[in-house]
Amino acid sequence: MSTTTVETDLVTAVARPARPTPAPIPMSRIVSVELRKSFDTRSGFWLLASVGILAVLTTAAVILFAPDDQITYDTFGAAIGIPMAVILPVIAILSITSEWSQRTGLTSFTLVPHRGRIIRAKLAVALGVGVASMLLAFGIGALGNLLGAAIVGVDPVWDITGGDFAGLILFQILNMLIGFMLGVLFRNSAGAIVGYFVYGFVLGTITQVLASTQDWFERAQPWVDFNYTQGALTDATSMTGENWLQLAVTGFFWLALPLAIGLVAVFRSEVK
Amino acid sequence: MIKVDSLTKSYGGFTAVDDVTFTARPGRVTGFLGPNGAGKSTTMRIMVGLTPATSGTTEVSGRRFADLPNPGLEVGVLLDASAQHAGRTGREILTVAAHTMGLPRRRVDEMLERVSLTPSEAGRRVRNYSLGMRQRLGIATALLGDPEVLILDEPANGLDPAGIRWMRDLLRGYADEGGTVLLSSHLLHEIEVIADDLVVIGQGRIVAQGTKTELLASAGTLVRTRDVPGLARALVDADLDFSNLTDALRVDADAELVGQVAHSAGIALTELRPADGAGLEEMFLELTADTQRDTQSIHGSEGAAA
């Protein structure tokens, strides 16, 4: 063995002055960071801008193409709802999946090492963006209704009640939550977006066909088909207590349960 | 201070990190060295809570990472400079991080200046960054909260020689001020010039650790002669472990003993000195030889260094 004197390293005793423990990061700050993150990329910005743009385009289309007697607020509201049902869930999906697909999670989950807090903040932002988007879209629809009525030369018809209005917002919020759930479950942008279209459109069509051809399914549908029960919200004021119960039951199996499974996976998964 | 205690991570039957224990001390740069796939990145991800450990614990500044109230102010982390949203500008990435930590906006400009990213570069989207610029941005993110501990995974990747020099000085200065620096690399030379302490890992296991000086000392003696076979025979007879370098032998013994062996065998030497840097390189290859993908055939005899 070596007999050379192993030069004992002087452990540098340059201890930094002890620092005070920093204050924990408040939840409000995480929410505002997440809000900023949904605007600060070109894609995120245009996705949010498209809410307004699509509302304007749809409103213009209604004015141009709807028959004169259909120029009512309900027509505008129904038309605007269609692009919103596509764009809002995508916003919710990307807020989650970009952490994995763009790998920003490496930084996000290191700066805030509690994934639950970040997910909650994202949920708050998604819901906030959803409600704000719907209010904006309905505002644009209202302007369209005024403009359309003036062009046609009739008095504007305001045929959406407060209850219907709340139902339509809830309908879109549920769509956003479905997007959020799929984002958490798949953690991959393309997969979750495709999943949303399968979930909302393909599955919806299949159950419709099934219900019109199979008696047993038609009877079971209100208790098993979330698209169907959710659709009742577009006419919320005529929903019965049983309808609400059906919405809750199907929502539990189609939304809450898979969301819970996805969250467990998010908390346990490796961020690479 | 970073403490890693009996850390193990297995994926099914594969053990990526196998009972790893080491400490990175304040005021020192600790080099985490190993070939690709040795478990360096996995260990670092476990430290910062991105990967759950199968067993064992890690502590940063005396706490579990998840228990740090505002980790950005205590630990600067750079795991992968490319893991950024390609559509954000460099400045925006720093702004988001500064906002999360609760730091004032001017800190972003200070950091951009510190890592030599110009305002026009900072305004570009990361998609258009070279790897070197991404590394600078990543280091800026790590330094943003003026943390006491730095955890950097392959930070020199993609930097040009001047950039590597800059980083070396930066990390040296950081440690000299009392900071704890842990940086990984698969390049020995990179680590050798900057680290005070070394932790060498291969196939998930620590194969050597200690101060650089210790590891260098244990790397033996370098000896040159025109009669290599003769000297090799003499060394075998003297029961000394040695290995062939390109044009010399490295012996696991001190210079005096090697000199005596050569003298009694009547072999003239052309050079006899402590192996130093050459030894560390060889040690690295030797320690990781079994774990290396490409089998190295540079050593004639096995030598259990360290």
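Do the conditions hold for A:Pro20, that is, is it more than 8 Å from every other protein chain (Cβ to nearest Cβ), exposed (fewer than 13 other Cβ atoms within 10 Å of the Cβ) and modelled with pLDDT of 90 or more?
Numbers: more than 8 Å from every other protein chain (Cβ to nearest Cβ): yes; exposed (fewer than 13 other Cβ atoms within 10 Å of the Cβ): yes; modelled with pLDDT of 90 or more: no.
In short, no.
Taken over region B:41-64, the criterion of being open to solvent by less than 10 Å² (accessible area, probe 1.4 Å) and either within 9 Å of another protein chain (Cβ to nearest Cβ) or of a type in the set (D, E, K, R) (or both) is satisfied by B:Val48, B:Leu50, B:Thr51.
Among the residues of region A:38-74, which ones are touching an Asp or Glu at 6+ places or on another chain (Cβ under 9 Å) and either of a type in the set (D, E, K, R) or farther than 27 Å from A:Arg115 by Cβ (or both)? Break it down stepwise before answering.
First pass over region A:38-74, keeping only residues touching an Asp or Glu at 6+ places or on another chain (Cβ under 9 Å): A:40-41, A:72-74.
Answer for region A:38-74, where residues must be touching an Asp or Glu at 6+ places or on another chain (Cβ under 9 Å) and either of a type in the set (D, E, K, R) or farther than 27 Å from A:Arg115 by Cβ (or both): A:Asp40, A:Thr72, A:Tyr73, A:Asp74.
Tallying residues that are at pLDDT 95 or above and either outside the structural domain of B:Thr42 (by TED's automatic domain parsing) or open to solvent by 20 Å² or more (accessible area, probe 1.4 Å) (or both) within region B:149-165 yields 0.
Every residue, every condition in (1) open to solvent by less than 60 Å² (accessible area, probe 1.4 Å); (2) in contact (Cβ under 8 Å) with a residue 40 or more places away in the chain; (3) of a type outside the set (S, T, N, Q); (4) in a helix (DSSP H, G or I), yes or no:
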| position | (1), (2), (3), (4) |
| --- | --- |
| A:Trp100 | yes, yes, yes, yes |
| A:Thr107 | yes, no, no, yes |
| A:Leu123 | yes, yes, yes, yes |
| A:Ala126 | yes, yes, yes, yes |
| A:Leu136 | no, yes, yes, yes |
| A:Gly141 | yes, yes, yes, yes |
| A:Asn145 | yes, yes, no, yes |
| A:Gly148 | yes, yes, yes, yes |
| A:Ile151 | no, yes, yes, yes |
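Within region A:168-187, can one find any residue that is farther than 30 Å from A:Ser98 by Cα and either among the aliphatic types (A, V, I, L, M) or not in a helix (DSSP H, G or I) (or both)? For region A:168-187, residues farther than 30 Å from A:Ser98 by Cα and either among the aliphatic types (A, V, I, L, M) or not in a helix (DSSP H, G or I) (or both): absent. Of all residues in region B:192-236, those satisfying the criterion of being polar (S, T, N, Q) and free of Cβ contacts under 8 Å to residues at least 24 places away in the same chain are B:Thr211, B:Thr213. Screening region B:75-95 for residues that are open to solvent by less than 20 Å² (accessible area, probe 1.4 Å) and not in a loop (DSSP other than H, G, I, E, B) and picking the one that is farthest from the other protein chains (Cβ to nearest Cβ) gives B:Gly90.
Against the numbered list (1) touching a Pro at 6+ places or on another chain (Cβ under 9 Å); (2) open to solvent by 70 Å² or more (accessible area, probe 1.4 Å); (3) at pLDDT 95 or above, A:Val194 comes up short only at (1). The set of residues in region B:207-234 being more than 11 Å from chain A (Cβ to nearest Cβ) and either of a type in the set (D, E, K, R) or buried (at least 23 other Cβ atoms within 10 Å of the Cβ) (or both) consists of B:Val223, B:Arg224, B:Arg226, B:Asp227, B:Leu231, B:Arg233.
Residues to consider are B:Val193, B:Val181, B:Val199; find the one that is open to solvent by 60 Å² or more (accessible area, probe 1.4 Å), of a type in the set (A, V, I, L, M) and within 15 Å of the chain's Cα centre (by Cα). Talk me through it step by step, then tell me what you get.
Details: B:Val181 fails: open to solvent by 60 Å² or more (accessible area, probe 1.4 Å); B:Val199 fails: open to solvent by 60 Å² or more (accessible area, probe 1.4 Å).
Unique residue meeting the criteria: B:Val193.
The residues in region B:65-74 that are facing chain A (nearest Cβ under 7 Å), free of Cβ contacts under 8 Å to residues at least 40 places away in the same chain and in a helix (DSSP H, G or I) can be counted, and the count is 3.
Looking at B:Gly12, B:Gly27, B:Gly49, can you tell me which residue is assigned by TED's automatic domain parsing to the domain that holds B:Ser185 and under 18 Å from the mean Cα position of the chain (by Cα)? Step by step, each of B:Gly12, B:Gly27, B:Gly49 is checked, and only B:Gly27 is assigned by TED's automatic domain parsing to the domain that holds B:Ser185 and under 18 Å from the mean Cα position of the chain (by Cα).
A:Leu259 satisfies every condition listed in (1) open to solvent by less than 30 Å² (accessible area, probe 1.4 Å); (2) away from every other protein chain (no Cβ under 14 Å); (3) under 30 Å from B:Gly49 (Cβ atoms) except (1). The residues listed here are B:Gly145, B:Gly138; of these, the one that is buried (at least 20 other Cβ atoms within 10 Å of the Cβ), outside any helix (DSSP H, G or I), in contact (Cβ under 8 Å) with a residue 60 or more places away in the chain and at the interface with chain A (Cβ under 10 Å from one of its Cβ atoms) is B:Gly145.
Within region B:176-205, the residues that satisfy the criterion of being within 14 Å of another protein chain (Cβ to nearest Cβ), small (Gly, Ala, Ser) and touching a Gly at 6+ places or on another chain (Cβ under 6 Å) are B:Gly178, B:Ala195.
The rows are residues; the columns are (1) surrounded by 16 or more Cβ atoms within 10 Å (Cβ to Cβ); (2) at pLDDT 90 or above; (3) at positive phi.
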position: A:Pro222; (1), (2), (3): yes, yes, no
position: A:Phe226; (1), (2), (3): yes, yes, no
position: A:Asp235; (1), (2), (3): no, no, no
position: A:Ser238; (1), (2), (3): no, no, no
position: A:Glu242; (1), (2), (3): no, yes, no
position: A:Leu245; (1), (2), (3): no, yes, no
position: A:Ala248; (1), (2), (3): no, yes, no
position: A:Trp254; (1), (2), (3): yes, yes, no
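Residues in region A:29-56 that are touching a residue at least 24 places away in the same chain (Cβ under 8 Å) and away from chain B (no Cβ under 14 Å): A:Ser50, A:Val51, A:Gly52, A:Leu54, A:Ala55, A:Val56.
Inspect region A:122-135 for any residue being farther than 30 Å from B:Glu59 by Cα and within 14 Å of another protein chain (Cβ to nearest Cβ) and give the result as yes or no.
First, pick out the residues of region A:122-135 that are farther than 30 Å from B:Glu59 by Cα: A:123-135.
Then drop every residue that is not within 14 Å of another protein chain (Cβ to nearest Cβ), which leaves A:125.
Looking for residues that are farther than 30 Å from B:Glu59 by Cα and within 14 Å of another protein chain (Cβ to nearest Cβ), one finds at least one in region A:122-135, hence yes.
Looking only at region B:246-282, which residues are under 30 Å from B:Gly37 (Cα atoms), out of contact with any His (no Cβ under 9 Å at 6 or more places or on another chain), modelled with pLDDT of 65 or more and not in a strand (DSSP E or B)? Across region B:246-282, the qualifying residues are B:Thr246, B:Asp252, B:Ala275, B:Asp276, B:Leu280. Just one residue in the set A:Val31, A:Val62 is at pLDDT 85 or above, in contact with a Gly (Cβ under 9 Å, 6 or more places away or on another chain), more than 24 Å from A:Ala126 (Cα to Cα) and buried (at least 17 other Cβ atoms within 10 Å of the Cβ); that residue is A:Val62. All conditions but one from (1) more than 10 Å from every other protein chain (Cβ to nearest Cβ); (2) touching a Phe, Trp or Tyr at 6+ places or on another chain (Cβ under 7 Å); (3) under 25 Å from A:Ser189 (Cβ atoms) apply to A:Arg115; the one that does not is (1). Each residue in region A:262-272 was checked for being within 17 Å of the chain's Cα centre (by Cα) and loosely packed, with under 13 Cβ neighbours inside 10 Å, and 0 pass.
The values are calculated or read from the model by the stated rules, or taken from the named source; none is laboratory data. Remember, it's a predicted structure, so these values are computed and weren't measured experimentally. Here Cβ is always computed from backbone atoms with ideal geometry, including for glycine, and neighbour counts include all displayed protein chains. Keep in mind that these areas ignore ligands, DNA and RNA; they rest on the heavy atoms of the full protein, side chains included. Shrake-Rupley method; radii C 1.70, N 1.55, O 1.52, S 1.80 Å.
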